[in-house]
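Everything below concerns the one structure shown next.
Bear in mind that the values in this text are calculations on the coordinates, not laboratory data. Here the structure is a predicted model, which is why all the values come from computation and not from measurement. As a convention, Cβ positions derive from the backbone with ideal geometry for all residues, glycine included, and neighbour counts pool all protein chains shown.
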Amino acid sequence: MTREEALEALAAHRREVDAIDLELLELLNRRTRVVESIGKIKQAAQLPIYEPRREEEVFRNVAGHNAGPLTTEALKRIFERIIDEMRALQKMRRDGSAGMEQGEKQC
């Protein structure tokens, strides 16, 4: 492969990654809207924001459907981060704060 061919191939793959990133963005925002509804229900029922059992269900669900190449541990780290952000959003909506400190668990 020549340098020119390599640059063209890289550019094509990067365009594909950019398009996938936009799809991920749409899905994350869609997930966030559902989580906002969940937060409203939890608030109305005075339920806690942090539900460790539910988080484990999420991890088992994605790990059980993973065909790779991401490892289970990589998926868990990614979903831990997503869940942390969703929890922070629920807390922010609930009490009007600027959000939790990174890594803080709400009980």
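From the list GLU36, GLU23, pick out the single residue that is in contact with a Leu (Cβ under 8 Å, 6 or more places away or on another chain), in a helix (DSSP H, G or I) and not hydrophobic (A, V, I, L, M, F, W, C). Exactly one of GLU36, GLU23 is in contact with a Leu (Cβ under 8 Å, 6 or more places away or on another chain), in a helix (DSSP H, G or I) and not hydrophobic (A, V, I, L, M, F, W, C), namely GLU36. Pairing residues of region 80-94 that are closer than 12 Å to GLN43 by Cβ with residues that are assigned to a helix (DSSP H, G or I), at Cβ distances under 6 Å and at least 6 apart in sequence or on separate chains, gives GLN90/GLY39; ARG93/GLY39; ARG94/GLN43. Here ILE82 meets the list (1) within 16 Å of the chain's Cα centre (by Cα); (2) exposed (fewer than 10 other Cβ atoms within 10 Å of the Cβ); (3) hydrophobic (A, V, I, L, M, F, W, C) almost entirely, failing just condition (2). Within region 30-52, residues that are closer than 16 Å to ASP95 by Cβ have Cβ atoms under 7 Å from residues that are of a type in the set (Lys, Arg) and exposed (fewer than 13 other Cβ atoms within 10 Å of the Cβ) in these pairs: TYR50/LYS105, counting only partners at least 6 apart in sequence or on another chain. Residue check: ASN61 meets all listed conditions (1) assigned to a helix (DSSP H, G or I); (2) surrounded by fewer than 10 Cβ atoms within 10 Å (Cβ to Cβ); (3) among the polar types (S, T, N, Q) but one, namely (2).
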